[in-house]
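Here is the structure we will look at.
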Amino acid sequence: DTGVSQNPRHKITKRGQNVTFRCDPISEHNRLYWYRQTLGQGPEFLTYFQNEAQLEKSRLLSDRFSAERPKGSFSTLEIQRTEQGDSAMYLCASSSGVHNSPLHFGNGTRLTVT
Amino acid sequence: RKEVEQDPGPFNVPEGATVAFNCTYSNSASQSFFWYRQDCRKEPKLLMSVYSSGNEDGRFTAQLNRASQYISLLIRDSKLSDSATYLCAVRDDKIIFGKGTRLHILP
């Protein structure tokens, strides 16, 4: 199966710690997206890349959040100085650059900040 | 106005009935439209893309109304297994999701 892969699946951390998540997209996809989802809400856009270029970052996103995709393949999302409000499911998705191409999601990383 | 809006529901519908959801979007320049299905504590999965002329996939029909800026999803002959949250997604550059509509199919 060459779908989108995310790890870890679960992360429990104490408030104030830094965490980093990884996403491996479908290999032929050049677009990669990060979303955050909390209970009862839809996926909230965080940022996206085309190849290694970060094209947009949500204005709602704190400076504590940073994402990279250094070689245009896998991506990492780092949250510094975590807060309890950061607890959520972090979803990664990828798509080809073709018009009308849908997103394919990974299983997500569930973050709990205690 | 939010970028993508959906009625959160829940819609409680008897098995075999027909149910329809709408989703409105604010950006008239939006290019692509999708319906996703999400089961509890799982990732969203693509249900169907929405094409300008409308499209059908088995019991599911999607429509796009650019003039009124909404998309719709119709589910015919609903099954218990259709119980899920249905998310609409709209693309301009990035892809934005609605909050989802919860559907419960009742036996």
Out of A:Arg36, A:Arg15, A:Arg22, I need the residue that is farther than 23 Å from B:Phe97 by Cβ and of a type outside the set (Gly, Ala, Ser). Which one?
A:Arg15
Name the pairs whose Cβ atoms lie under 6 Å apart, with the first residue in segment B:19-31 and modelled with pLDDT of 90 or more, the second assigned to a strand (DSSP E or B) and of a type in the set (Asp, Glu), and 6 or more positions between them or separate chains?
B:Thr24/B:Glu5
Contacts under 8 angstrom Cβ, first residue in segment B:82-107 being more than 11 Å from chain A (Cβ to nearest Cβ) and surrounded by fewer than 24 Cβ atoms within 10 Å (Cβ to Cβ), partner of a type in the set (S, T, N, Q) and assigned to a strand (DSSP E or B), 6 or more apart:
B:Ala84/B:Gln38; B:Leu103/B:Thr85; B:His104/B:Asn12; B:Leu106/B:Asn12
All but one of (1) buried (at least 18 other Cβ atoms within 10 Å of the Cβ); (2) in contact with a Cys (Cβ under 8 Å, 6 or more places away or on another chain); (3) of a type outside the set (Gly, Ala, Ser) hold for A:Pro43; which doesn't?
(2)
If we scan segment B:62-76, do we find a residue that is within 12 Å of chain A (Cβ to nearest Cβ), surrounded by fewer than 18 Cβ atoms within 10 Å (Cβ to Cβ) and more than 14 Å from the chain's Cα centre (by Cα)?
no
Filter segment A:6-49 down to the residues that are polar (S, T, N, Q), within 13 Å of another protein chain (Cβ to nearest Cβ) and over 14 Å from the mean Cα position of the chain (by Cα) and list them by number.
A:Gln41
Restricting attention to segment B:20-41, which residues are part of a strand (DSSP E or B) and more than 12 Å from B:Ala62 (Cα to Cα)?
B:Thr24, B:Tyr25, B:Ser32, B:Arg37, B:Gln38
Going by the conditions given, is A:Thr114 under 22 Å from A:Asn7 (Cβ atoms), hydroxyl-bearing (Ser, Thr, Tyr), over 14 Å from the mean Cα position of the chain (by Cα) and at pLDDT 95 or above?
yes
Filter pass, A:Leu32 being out of contact with any helix residue (DSSP H, G or I) (no Cβ under 8 Å at 6 or more places or on another chain), under 20 Å from B:Lys94 (Cβ atoms) and outside any loop (DSSP other than H, G, I, E, B)
yes
Condition set surrounded by 14 or more Cβ atoms within 10 Å (Cβ to Cβ) and over 14 Å from the mean Cα position of the chain (by Cα), scope segment A:57-111, selection farthest from the other protein chains (Cβ to nearest Cβ): answer is A:Gln80
Could you list, in sequence order, all residues of segment A:25-51 that are of a type outside the set (A, V, I, L, M, F, W, C) and more than 14 Å from A:Ser96 (Cα to Cα)?
A:Tyr35, A:Arg36, A:Gln37, A:Thr38, A:Gly40, A:Gln41, A:Gly42, A:Pro43, A:Glu44, A:Thr47
Residues in segment B:55-79 that are part of a loop (DSSP other than H, G, I, E, B) and farther than 17 Å from B:Val19 by Cβ total 4
Got at least one residue in segment B:48-59 being within 10 Å of the chain's Cα centre (by Cα), more than 14 Å from chain A (Cβ to nearest Cβ) and closer than 27 Å to A:Arg31 by Cα?
no
Evaluate the following for A:Ser5: is it farther than 15 Å from B:Phe97 by Cβ, surrounded by 15 or more Cβ atoms within 10 Å (Cβ to Cβ) and among the small types (Gly, Ala, Ser)?
yes
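The values are calculated or read from the model by the stated rules, or taken from the named source; none is laboratory data. This one's a predicted model, so the numbers in the text were calculated from it and none came from an experiment. Cβ: placed from backbone, ideal geometry, glycine included. Neighbour counts: every protein chain shown.
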